[in-house]
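> Please see the structure below; I have some questions.
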Amino acid sequence: MQTHFVFRQMETSQALQNYAEERLEKIKRYVADPLKVSCTFSVHKFNQIAQFEVVLRNGLQLHASESTENMYSSVDLALAKMERQVRRYKKRIKHHKQNEGRSAKVRLNVIAAENDTDEIALQQPEETPASVTPIDGGPTIVHTKEFQAERLTPDQAIMQMNLMHKAFWVFTNPETEQINVVYRLEDGETYGLIQPEPSAETAETG
């Protein structure tokens, strides 16, 4: 297992690395030899943030982060959160196989709120930052990210969403070859599935 540590706004700590590696051993009980583990420790004002990203050999990803006033507590809470999800899906994780075929490429645009746009304009009166893309008559894109919408069934997408502790997940449905989205409903127990309806032309062709 390759483990990569990053320290931001704080000094490197071998003791903290050792502690995190020891706690990560509990995660390895439920998954077969992770491909890569990234651990990021950062400090923001009074918040000490521990963030963990794990990539498994079968393509699944795990994520957990926590913020407290003590970094060791943040590590404990973040990895406890990850362990709960891994235990929940341990059988499905073990037998998960990637779906064959090409996954779609997706672009995610982060749009600034109106107040944020005004602040950016005040901070940069002569030059617009490279990360800010004004749209004539529309919102301002402050960040763009491109990623692959992996080929997953809706059930697999829900599992991946929960393993990453996300509110929604964009994926390529291998049965339809189209982009779908699953998301968690407000009750926290049920999920929604967004998928395009076949066009009239497609229906007639089929």
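The values are calculated or read from the model by the stated rules, or taken from the named source; none is laboratory data. Worth saying up front: this structure is predicted, and the values here are computed from it rather than measured. Please note: Cβ atoms are built from the backbone with ideal geometry, for glycine as well, and neighbour counts cover all protein chains shown.
> I'd like the residue in segment 15-53 that is small (Gly, Ala, Ser) and surrounded by fewer than 15 Cβ atoms within 10 Å (Cβ to Cβ) and, out of all such residues, is nearest to the chain's Cα centre (by Cα).
Among those that are small (Gly, Ala, Ser) and surrounded by fewer than 15 Cβ atoms within 10 Å (Cβ to Cβ), it is ALA32.
> Kindly indicate which of GLN148, GLN156 is modelled with pLDDT of 90 or more and touching a His at 6+ places or on another chain (Cβ under 8 Å).
On inspection, the qualifying residue turns out to be GLN156.
> Please find, within segment 183-198, the residue that is surrounded by the fewest Cβ atoms within 10 Å (Cβ to Cβ) out of those that are outside any loop (DSSP other than H, G, I, E, B) and of a type in the set (Ser, Thr, Tyr).
TYR183
> Please enumerate the residues belonging to segment 1-14 that are within 17 Å of ALA78 (Cα to Cα) and either touching a Lys or Arg at 6+ places or on another chain (Cβ under 9 Å) or surrounded by fewer than 14 Cβ atoms within 10 Å (Cβ to Cβ) (or both).
Correct list: THR3, HIS4, VAL6.
> List, please: which pairs have Cβ atoms under 6 Å, are six or more places apart or on different chains, and start with a residue in segment 70-96 that is in contact (Cβ under 8 Å) with a residue 40 or more places away in the chain and closer than 18 Å to SER13 by Cβ and end with one that is among the aliphatic types (A, V, I, L, M) and crowded, with 17+ Cβ neighbours inside 10 Å?
Filtered contacts from segment 70-96: VAL75/ALA20; VAL75/ALA50.
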